[in-house]
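A quick write-up on the structure given underneath.
Rule-based calculations on the coordinates, nothing more; no lab input. All values reported here derive from a predicted model rather than from experimental measurement. Heads up, the Cβs are rebuilt from the backbone with ideal geometry, glycines too, and the neighbour counts pull from every protein chain shown.
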Amino acid sequence: MNHLLPLHNHNHNHNHNIITRQTVKRAVQYWLDKSTIHPVQRWIAFVAILALFFLRIYLVQGYFIVAYGLGIFLLNNFIAFLSPLEDPTDSLGGDDGPSLPTTQSEGKEYKPFTRRLPEFKFWLTCFRGTLISFFMTFFGIFDVPVFWPILVMYFGVLFFMTMKRQIQHMYKHKYVPFSFGKSKYSNAGVESGAFGGGMSGAGRKGN
């Protein structure tokens, strides 16, 4: 009978680990959902972790290849953030799908700009990538010797050419990836009332 106890304890520990992982995942998802209505705070957190990463690079004077890889990763996500979901160049091939307005008459009809990479996913991807890169700087296997000025120069040229191509694409198809003058609600995301404000707000309107 006693030889069955180790197996029982192993199953108990395994179930406990599964429950713990599920609890952590639910907690992380909860706070991510809560952060969707706070873009300024989210991007401040990203800038803070990015500054911490470069401070780490400066102090150890290494891991330049990790910094270069992170720069390429962030640049690719930034281009996806600026790009429309439906590429106008695809519609020129005869597709009947929706496309961005190219004439003044078409532009009179309001067509919202839909990004290939939404703002929240853009932030989350960049934050995760930067956090992973920061932890990589604590493992010597990623500290590949490299002449960092060449990486900086190459990244600068790549950034210039990529942004030039993106701006030309925006100018050619006449779209702007940023919206200004949107209506803002001062009470958006504010929880009030016994049930988080939903029925409470409806009750006040009915009075």
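Odds and ends about this structure:
- Local electrostatic count, residue 27, Cβ distance below 15 Å [Lys/Arg +1, Asp/Glu -1]: +3
- Once the C-beta distance of residue 157 and residue 73 is scaled by a Förster radius of 25 Å, the resulting FRET efficiency is 0.90 to the nearest 0.05.
- Residue 115 long-range amide H proximity, modeled H, under 5 Å: 85
- Spatial separation of Cα centroids for the stretch 17-55 and the stretch 131-165, in angstrom: 24
- Reported value for the stretch 122-165: 86 Å³ per residue, from the convex hull of its C-alpha atoms.
- Annotation: extensible slack from residue 60 through residue 127 equals 21.9 nm (criterion: 0.36 nm per residue apart, minus Cα-Cα distance).
- Label-point gap, in nm, between residue 120 and residue 35 - each point 7 angstrom along Cα→Cβ: 1.2
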